[in-house]
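**Student:** Mind looking over this structure? Questions follow.
The values are calculated or read from the model by the stated rules, or taken from the named source; none is laboratory data. Note that this is a predicted model, so its numbers are computed, not measured. All Cβ positions, even for glycine, are placed from backbone atoms using ideal geometry, and neighbour counts span all protein chains on display.
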């Protein structure tokens, strides 16, 4: 293993190249795999990342940052989501086919009583538009999602905890500076669980977790141009219940959804305690049984392991990453670990460490995993003792 570390003058970004070759490290790392670690690229803890149509990555957190997937920060703007504490959850961004950027932020309020939810649009090469209020504060409406349709048009999802920690997920249509509530989806979400809302070609995919005993992760799919999106969601709905760990209850959830191709996605979801599964979702095809990737991530405050996954377009090469819990004083912190599959998830290689200490924020700080051109991109929050901020690991496959 050869490690080269370069600290650039007048910069707080630390770049680390690691070449991992077969030999003494073969049990710890995938053979002929390299990863490139850049720290930090953005202040804060809460963020979202998406691909732009021109091949750039856009990172949205305390600011907006455009990235070259080869590892260069191209541009940044001051605009971002002010909710950056460990008690918050990530903001959400979506990108439409024309390259318009759609963002949902949380303003004011608190995690218990809710925030004002705002929608923002940025046309290619232009400035952010005036904010549009989606909805006034609702109890525990801190996890949000957005799918970009076209210029100044999007769908937005916002939950509401009506009975203690349970409640509906509301669907809104944003167009021409106005927000129209289309209706609600019941029985798929519980507070503190994640909602994922992503565009996959001409379809939109919604995943939500219900971490009750005997709970589930639910995935819904609908065409972007559906005349009745709620009816379309109701007709294309999956309820996934991977097996719980022996001796624990069956709490499940914390979905992580990444689009692969037209209507297809890879879903990472967990069970109590310490298990992370993936499911490959393809339109019109019943999903195979969830594939177990990690069995011993440890117990978080919110009982579900924190992880994500991405796959190449054909679904053959998969990278799954997760934060391993370290209990006691380090609750909410732990090493960021990864495993690689080259056979569509039938088997995974040995675990290796991408970063020694990532921040999980009691389950509310998430990681994000994307793939493009055979390179996997893992974004995560660093722990405060290592300086905080958002880190970026690029995992390169040497076939």
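**Student:** Search the stretch 246-282 for residues being modelled with pLDDT of 85 or more and in a loop (DSSP other than H, G, I, E, B), and hand back the single one that is nearest to residue 187 (Cα to Cα).
**Tutor:** 263
**Student:** Moving on. Just to confirm my filter: which strands (runs of 3 or more DSSP E) fall fully inside the stretch 1-73 and include at least 3 residues that are modelled with pLDDT of 95 or more? Lay out the reasoning, then the answer.
**Tutor:** On the way: elements: 2-7, 14-20, 33-42, 48-51, 57-60, 64-68.
Counting at least 3 such residues, we get 48-51, 57-60, 64-68.
**Student:** Among the residues in the stretch 45-62, are any more than 24 Å from residue 224 (Cα to Cα) and surrounded by fewer than 15 Cβ atoms within 10 Å (Cβ to Cβ)? Spell out how you get there, then give the answer.
**Tutor:** Residues of the stretch 45-62 that are more than 24 Å from residue 224 (Cα to Cα), as a first pass: 45-47, 61-62.
Restricting the remaining residues to those that are surrounded by fewer than 15 Cβ atoms within 10 Å (Cβ to Cβ) gives none.
No, there is no match, as no residue in the stretch 45-62 is more than 24 Å from residue 224 (Cα to Cα) and surrounded by fewer than 15 Cβ atoms within 10 Å (Cβ to Cβ).
**Student:** I've got another one for you. Report, by residue number, each residue of the stretch 211-231 that is crowded, with 19+ Cβ neighbours inside 10 Å, farther than 17 Å from residue 261 by Cβ and out of contact with any helix residue (DSSP H, G or I) (no Cβ under 9 Å at 6 or more places or on another chain).
**Tutor:** Of everything in the stretch 211-231, those that are crowded, with 19+ Cβ neighbours inside 10 Å, farther than 17 Å from residue 261 by Cβ and out of contact with any helix residue (DSSP H, G or I) (no Cβ under 9 Å at 6 or more places or on another chain) turn out to be 211, 215, 216, 217, 218, 229.
**Student:** Where residues in the stretch 353-376 are under 14 Å from the mean Cα position of the chain (by Cα) and part of a loop (DSSP other than H, G, I, E, B), which of them is modelled with the highest pLDDT?
**Tutor:** Among them, the one singled out is 367.
**Student:** Follow-up. Can you list residue pairs whose Cβ atoms sit under 8 Å apart, with the first residue in the stretch 214-231 being in contact (Cβ under 8 Å) with a residue 40 or more places away in the chain and the second being exposed (fewer than 14 other Cβ atoms within 10 Å of the Cβ) and in a loop (DSSP other than H, G, I, E, B)? Count only pairs 6 or more apart in sequence or on different chains.
**Tutor:** Listed pairs, sorted by first residue: 224/202.
**Student:** Can you tell me which residues in the stretch 211-244 are modelled with pLDDT of 95 or more and part of a loop (DSSP other than H, G, I, E, B)?
**Tutor:** 224, 225, 226, 227, 228, listed by residue number.
**Student:** Name the residue that is nearest to the chain's Cα centre (by Cα), counting only residues in the stretch 384-399 that are at pLDDT 85 or above and not in a strand (DSSP E or B). Quick ask: steps written out before the conclusion?
**Tutor:** Of all residues in the stretch 384-399, those at pLDDT 85 or above come to 388-396.
Then keep just the ones that are not in a strand (DSSP E or B); that gives 388-389.
Details: 388: 19, 389: 17 Å.
Filtering first and then ranking leaves 389.
**Student:** Output the number of residues of the stretch 157-210 satisfying the condition of being assigned to a loop (DSSP other than H, G, I, E, B) and surrounded by fewer than 22 Cβ atoms within 10 Å (Cβ to Cβ).
**Tutor:** The first filter runs over the stretch 157-210 and keeps only residues assigned to a loop (DSSP other than H, G, I, E, B), leaving 160-162, 164-165, 167-168, 176-177, 186-189, 191-194, 201-202.
The next check asks that each one be surrounded by fewer than 22 Cβ atoms within 10 Å (Cβ to Cβ); those that pass are 160-162, 164-165, 167-168, 176-177, 186-187, 191, 201-202.
So the answer is 14.
**Student:** Given the structure, is residue 59 farther than 22 Å from residue 96 by Cα and either touching a residue at least 24 places away in the same chain (Cβ under 8 Å) or out of contact with any strand residue (DSSP E or B) (no Cβ under 9 Å at 6 or more places or on another chain) (or both)?
**Tutor:** Working: farther than 22 Å from residue 96 by Cα: no; either touching a residue at least 24 places away in the same chain (Cβ under 8 Å) or out of contact with any strand residue (DSSP E or B) (no Cβ under 9 Å at 6 or more places or on another chain) (or both): yes.
Criteria not met by residue 59.
**Student:** Now, a different point. Please go through (1) modelled with pLDDT under 95; (2) closer than 23 Å to residue 364 by Cβ; (3) in contact with a strand residue (DSSP E or B) (Cβ under 9 Å, 6 or more places away or on another chain) for residue 205 and return the number of the only condition it doesn't satisfy.
**Tutor:** Exception for residue 205: condition (1).
**Student:** Can you pull out every residue in the stretch 81-100 that is in a strand (DSSP E or B) and surrounded by 23 or more Cβ atoms within 10 Å (Cβ to Cβ)?
**Tutor:** Within the stretch 81-100, the first condition is being in a strand (DSSP E or B), and the residues that meet it are 92-95.
Across the stretch 81-100, the qualifying residues are 92, 93, 94.
**Student:** Looking at (1) at pLDDT 95 or above; (2) within 21 Å of the chain's Cα centre (by Cα); (3) not in a strand (DSSP E or B), which one does residue 120 not meet, given that it meets all the others?
**Tutor:** (3)
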